[in-house]
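Worksheet for the structure shown next.
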Amino acid sequence: MAESSSAAAASVANAAKRLREEAEAAKNRLLDQQFHISRYADPLVPRKTSDPQFWPKDVTREMEQRWLAMIKEHRSV
């Protein structure tokens, strides 16, 4: 009798382990492996300027400064 209960317990433990492994594998397939939270600013802190990471290709800080100056000039008129 003790053998059958230990075999059943082992079977349940193996099934639980297999379910955990399958769940972990499914979770890993759903996650973006390239995502790193450190690349993004804290969303609750006000931003002082836009993040260059999201700028179109070939846009520089100098271009942004010039555009912001033009916008400020036109708003003051």
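The values are calculated or read from the model by the stated rules, or taken from the named source; none is laboratory data. Just so we're clear, the structure is a prediction, and the values are computed from it rather than from any experiment. Glycine gets a Cβ as well: all are built from the backbone with ideal geometry, and neighbour counts include every protein chain shown.
Given Ala16, Ala25, Ala69, Ala8, which one is of a type in the set (Gly, Ala, Ser) and within 19 Å of the chain's Cα centre (by Cα)?
Ala25
Taking interchain pairs and intrachain pairs at least six residues apart, which have beta carbon atoms under 8 angstrom, with the first residue in region 21-46 and among the aliphatic types (A, V, I, L, M) and the second at pLDDT below 85?
Ala41/Arg47; Ala41/Asp51
Name the single residue, out of those in region 50-75 being among the hydrophobic types (A, V, I, L, M, F, W, C) and either surrounded by 10 or more Cβ atoms within 10 Å (Cβ to Cβ) or more than 24 Å from Phe35 (Cα to Cα) (or both), that is modelled with the lowest pLDDT.
For region 50-75, the residue satisfying everything is Trp55.
Could you figure out which of (1) surrounded by 10 or more Cβ atoms within 10 Å (Cβ to Cβ); (2) among the hydrophobic types (A, V, I, L, M, F, W, C); (3) outside any helix (DSSP H, G or I) isn't true of Leu44?
Of the numbered conditions (1) surrounded by 10 or more Cβ atoms within 10 Å (Cβ to Cβ); (2) among the hydrophobic types (A, V, I, L, M, F, W, C); (3) outside any helix (DSSP H, G or I), the odd one out for Leu44 is (1).
Among the residues of region 58-68, count how many are under 15 Å from Lys48 (Cα atoms) and free of Cβ contacts under 8 Å to residues at least 12 places away in the same chain.
3
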